[in-house]
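All of the numbers you see were taken from the coordinates with simple rules; none came from a lab. Note that the coordinates shown come from a computational prediction; the quantities given were computed from them, not determined experimentally. Note that we place each Cβ from the backbone using ideal geometry, even for glycine, and neighbour counts take in every protein chain shown.
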Amino acid sequence: MKIIYSDKHKAHAGAKEMRYDQMIEMSDSPERIDIIIEGLANAGFTELVQAAVFDIDVAKKIHSPEFIDFLQRAYPLWEQEFGPGGFATAYTFGMRGMNQRPNESVHSMLSCYTFDVCVPIVEGTWLAIRSAIDVVLSGVQAIKQGESAVLSLCRPPGHHASQDLAGGYCYMNNVAIAAQQYIDQGAKRVAILDVDYHHGNGTQRIFYQRNDVLFVSLHARPEQEYPFLMGYQNETGEGAGEGYNVNLPMPKGTAFNEYQKCLATAIDKVKNYQADVLLISLGVDTYIDDPVGGFALVSEDYLELGAMIGELALPTHFVMEGGYAMADLGKNVANVIAGFSRA
Ligand SMILES: [Zn+2]
């Protein structure tokens with residue numbers, strides 16, 4: 001399987017995030033991608049391909065121009081105020097009834113276009129965001145050229161980012177941009193299966209009123225877990241999109257015997273949709289030792305998870321999202337791909 005990569009993601013580094021009452025190093029570190037590449041190589045997956053450079057016209061169909069402008073301008077504006085080397089982060093958020101869209105100060109834009117304290121912006125953040133789009137669009141190109149499956153090693157991840165809101169380590173929504181590209185190039189039905197521990201709130205919001213993209217998400221119950229305010233089972237889509245959004249939340253502590261039943265339901269939904277192409281938002285923060293997650297999957301479970309996805313026998317595009325248990329991250333991702341490849 002082709003593994004698509006760009007080393008420009010490394011520029012997105014050096015920021016901290018707030019975790020409860022402490023400032024800590026960001027869990028989404030550049031080392032994550034190195035570890036995944038190493039794990040894949042150990043399992044015999046060595047076909048590493050550099051991403052080509054694409055323009056971002058298709059991304060402008062997913063994200064608002066004002067939001068993209070904010071992502072590009074935030075760090076330079078921050079640096080003018082605070083000097084070089086820091087990171088831009090919000091201290092207020094646009095909440096209920098606060099609907100202005102200012103673009104004058106970096107603080108006003110951070111308040112408007114981010115929804116949590118997990119999206120710091122350093123000097124290299126835009127370069128990394130931009131490269132993740134190249135990585136995902138290179139994957140689309142490979143599938144269009146006849147590959148049956150690819151893995152796009154996107155970093156930063158994307159599934160928490162919506163049209164005009166960044167959060168949860170995510171700035172622009174890579175998997176959504178890929179879905180739009182498949183449709184623009186002729187696909188009639190695209191399915192996105194999100195197996196990250198956290199609900200893909202950004203992807204849900206982007207496609208909530210559409211029936212050309214089915215979104216199915218397996219995740220921790222939002223009553224207990226980030227992003228808290230979305231990802232409930234009764235969110236099923238709206239208007240033309242009614243019935244094309246499927247949330248399958250599970251309680252914290254869920255192990256694979258229960259997880260597998262939800263995965264089988266999700267896979268049935270994808271099968272019934274008769275998708276032309278399947279995108280997987282691949283998070284392995286469902287792992288038992290993940291510092292950010294709270295499920296109890298073990299490394300061997302990812303073989304079966306991959307195999308169940310493989311049995312759909314669809315053109316399949318894996319897009320990297322979360323996974324932060326550094327000791328086993330590489331092995332867990334490699335197991336998904338190995339299980340898939342054996343199916
Ligand atoms: Zn996650």
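Here is the figure for the range 285-334: residues that are assigned to a helix (DSSP H, G or I) and either over 15 Å from Leu153 (Cα atoms) or in contact with a strand residue (DSSP E or B) (Cβ under 9 Å, 6 or more places away or on another chain) (or both) total 13.
Pairing each residue of the range 100-129 that is closer than 21 Å to Asn201 by Cβ with any residue that is of a type in the set (Val, Ile, Thr), provided the two are 6+ apart or on different chains, yields C-beta distances under 6 Å for Ser111/Thr92; Pro120/Thr89. When Gln145 is tested against the conditions (1) under 25 Å from Phe215 (Cα atoms); (2) touching a residue at least 24 places away in the same chain (Cβ under 8 Å); (3) out of contact with any helix residue (DSSP H, G or I) (no Cβ under 6 Å at 6 or more places or on another chain), the lone failure is (2).
Considering only residues in the range 142-180 that are in contact with a Lys or Arg (Cβ under 7 Å, 6 or more places away or on another chain) and closer than 17 Å to Phe318 by Cβ, the one that is nearest to the ligand (Cβ to nearest atom) turns out to be Arg155. Taken over the range 25-73, residues that are in a helix (DSSP H, G or I), free of Cβ contacts under 8 Å to residues at least 24 places away in the same chain and farther than 25 Å from Val106 by Cα amount to 2. Checked against the criterion of being in contact with a Ser or Thr (Cβ under 6 Å, 6 or more places away or on another chain) and either small (Gly, Ala, Ser) or buried (at least 19 other Cβ atoms within 10 Å of the Cβ) (or both), the range 85-97 has at least one qualifying residue. Can you tell me which residue among Ser111, Ser105, Ser27 is under 20 Å from the mean Cα position of the chain (by Cα) and of a type in the set (S, T, N, Q)? Of the residues listed, the single one that is under 20 Å from the mean Cα position of the chain (by Cα) and of a type in the set (S, T, N, Q) is Ser27.
Taken as a whole, the condition of being buried (at least 19 other Cβ atoms within 10 Å of the Cβ), closer than 26 Å to Val292 by Cβ and out of contact with any His (no Cβ under 7 Å at 6 or more places or on another chain) applies to Thr254.
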